[in-house]
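The values are calculated or read from the model by the stated rules, or taken from the named source; none is laboratory data. The shown structure was predicted, so the numbers you read here are calculated from the model rather than taken from an experiment. As a convention, Cβ positions derive from the backbone with ideal geometry for all residues, glycine included, and neighbour counts pool all protein chains shown. SASA here: full protein model, heavy atoms, side chains in, ligands and nucleic acids out. Shrake-Rupley method; radii C 1.70, N 1.55, O 1.52, S 1.80 Å.
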Amino acid sequence: MEENNKGPRIGLSDTERFPLLNDISLLHELRQDEWAPNFNFMSGDRITAHHLQEVEQYALNIRAARRFWDENQQPDWLEEYWESCTAEVPFYKYRSGEFRSQPCITREDIRRQPWLFVSEKAKLNDLLVYQTSGTTGAPLDVLFDPVSQACWLPQMQSILDEYGVFIGEQGRKVAIALICSQATTLTYASLSTYLNGAGILKLNLNTAEWKDPSHPVKYLEKYNPEVLTGDPFAFMALLKLKPGISPKALISSAMKLNDGIKEKLEGYFNAPVLDVYSLTECRNIAVSVGNKYRAIRPELYLEIFHPEKDEPLPYGERGELVVSGGNNPFLPLIRYRTGDFCCLKIEDGVPYLEDLGARKLTIFYSLEGAVVNTIDISRKMTSYPLSGFRLHQSENLSLQFEGWTNEDVCGQISSDLLDIFGQVQISIKLNSAGSDLSEKVVAYTSDFSSLGSR
């Protein structure tokens, strides 16, 4: 599990994690390097020969896609996909009618009974589990298989194709480093079977997870990853370290990347910085192109729905983004409400998301002036029976917390927030769990509009 507060347990050997790789000496080198962090997890793609064929075919399809569907039309594959869901997926089996008559599903449907979304054709021995941190809602276990998990690499490559960037350069040991800047998170060194055994790293810049404060820079400079991925908080923390590395590209996700941070990153690294819209439930969806986002997945069907009714909105109107499709047999999606809002436009058969209101970057500061990552706040809140919460920080650093729960957890929440922010002023309001919530289950707001505004 990627983010599991219950504590992951090691259940596979490295040979089982990488059945096609005969030489995993790079894995041992990355783990045992003198400047390596104190890795706390082990990860592997579990790709077999059959899996690899499927991933390679997926790569050909996504990188060759030119037209997805046209305005006011459905893609050709959609009805067949829907029929397979009614035949094979317990959650959809008792539904009738064609796709266009189907109601939406929500995050809560998946969170409550994830097993009902598993296709009867899914191979249970292939099961992988990823638990979200609850950044924009309650934590959620998302089930994958090795193929749908590994397809994030072809998705990323399809985005980089337009910039002439190719992942897998000979002479570079590490293809991708996922950079984090959090109080705590899982970290590991891994390999990619799809990329012929190239290294994959997940690193937390928090110096508490390294043997020496100088080691993060030394380790990154030694292995010089081809591509960096992360969120805006992590990339700004990386900039402060001024590492002498030369990534071919940086890919930001998890929250919206603002123009100021993008310009700083491109100026320092002299490489394109791409803002990608993605969901844990189905991985990458679209990439920022100017002031809109271009869809990258021909096997995902996108619609816009009324936020309070199961009604698709007319073409061009703003509403909630709804997703269907994907290639994950453990979580086939039929009209899944993302909780994000935008307009959908079709240009030359390719969908674009305009005015996308997805996980806006919100800046919080501790009493000492350090930037606080909202992921750390969300992770603390997962230990409480909250159906939702809002947190706002005023310009004087004081906090206003509003939550929905049927238990008196005011004192514990206050204590956790003080641990994160220091001795700032905190006001807490708790409502009954049955009260109405706004369109975002978890909402962060702040008087600080950008990093460095204090």
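Listed values, structure above:
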{"quantity": "Helices (runs of 4 or more DSSP H) fully within segment 1-106 counting 1 or more residues that are over 30 Å from E162 (Cα atoms) and not aromatic (F, W, Y)", "calculated": "14-17, 25-32, 78-88"}
{"quantity": "Some residue of segment 377-400 being among the aromatic types (F, W, Y), at pLDDT below 90 and open to solvent by 30 Å² or more (accessible area, probe 1.4 Å)", "calculated": "yes"}
{"quantity": "Test: A198 is open to solvent by less than 10 Å² (accessible area, probe 1.4 Å), under 22 Å from the mean Cα position of the chain (by Cα) and under 30 Å from E54 (Cα atoms)", "calculated": "no"}
{"quantity": "Residue that is farthest from the chain's Cα centre (by Cα) [pool: residues in segment 298-321 that are aliphatic (A, V, I, L, M) and not in a loop (DSSP other than H, G, I, E, B)]", "calculated": "I304"}
{"quantity": "Considering residues of segment 298-329 that are out of contact with any Asp or Glu (no Cβ under 7 Å at 6 or more places or on another chain) and open to solvent by less than 10 Å² (accessible area, probe 1.4 Å) only, the residue nearest to A65 (Cα to Cα)", "calculated": "L300"}
{"quantity": "Meets criteria (open to solvent by 30 Å² or more (accessible area, probe 1.4 Å), charged (D, E, K, R) and free of Cβ contacts under 8 Å to residues at least 12 places away in the same chain) for E221", "calculated": "no"}
{"quantity": "Filter result (at pLDDT 90 or above and open to solvent by 40 Å² or more (accessible area, probe 1.4 Å)) within segment 115-143", "calculated": "W115, L116, E120, K121, K123, L124, N125, L127"}
{"quantity": "Residues that are more than 22 Å from S158 (Cβ to Cβ) and open to solvent by less than 60 Å² (accessible area, probe 1.4 Å), drawn from segment 50-78", "calculated": "Q74"}
{"quantity": "Any hit, segment 104-111, residues being modelled with pLDDT of 95 or more, in contact with a strand residue (DSSP E or B) (Cβ under 8 Å, 6 or more places away or on another chain), more than 21 Å from Y336 (Cα to Cα) and surrounded by 15 or more Cβ atoms within 10 Å (Cβ to Cβ)", "calculated": "no"}
{"quantity": "Segment 141-153 residues that are acidic (D, E), paired with ones that are open to solvent by 10 Å² or more (accessible area, probe 1.4 Å) and part of a helix (DSSP H, G or I) (beta carbon under 6 Å, 6 or more apart)", "calculated": "D141/P114; D145/D126"}
{"quantity": "Residues satisfying the stated conditions in segment 46-79, i.e. touching a Pro at 6+ places or on another chain (Cβ under 6 Å) and more than 14 Å from A295 (Cα to Cα)", "calculated": "R46, I47, T48, H51, Y58, A59"}
{"quantity": "Hits in segment 143-156 (condition: touching a helix residue (DSSP H, G or I) at 6+ places or on another chain (Cβ under 7 Å) and within 18 Å of S252 (Cα to Cα))", "calculated": "C151, P154, Q155"}
{"quantity": "Test: residue in segment 226-244 that is without any contact (Cβ under 8 Å) to a residue 40 or more places away in the chain, over 19 Å from G290 (Cβ atoms) and among the β-branched types (V, I, T)", "calculated": "no"}
{"quantity": "Candidates L437, L333 - the one that is surrounded by 15 or more Cβ atoms within 10 Å (Cβ to Cβ), closer than 30 Å to W115 by Cβ and at pLDDT 95 or above", "calculated": "L333"}
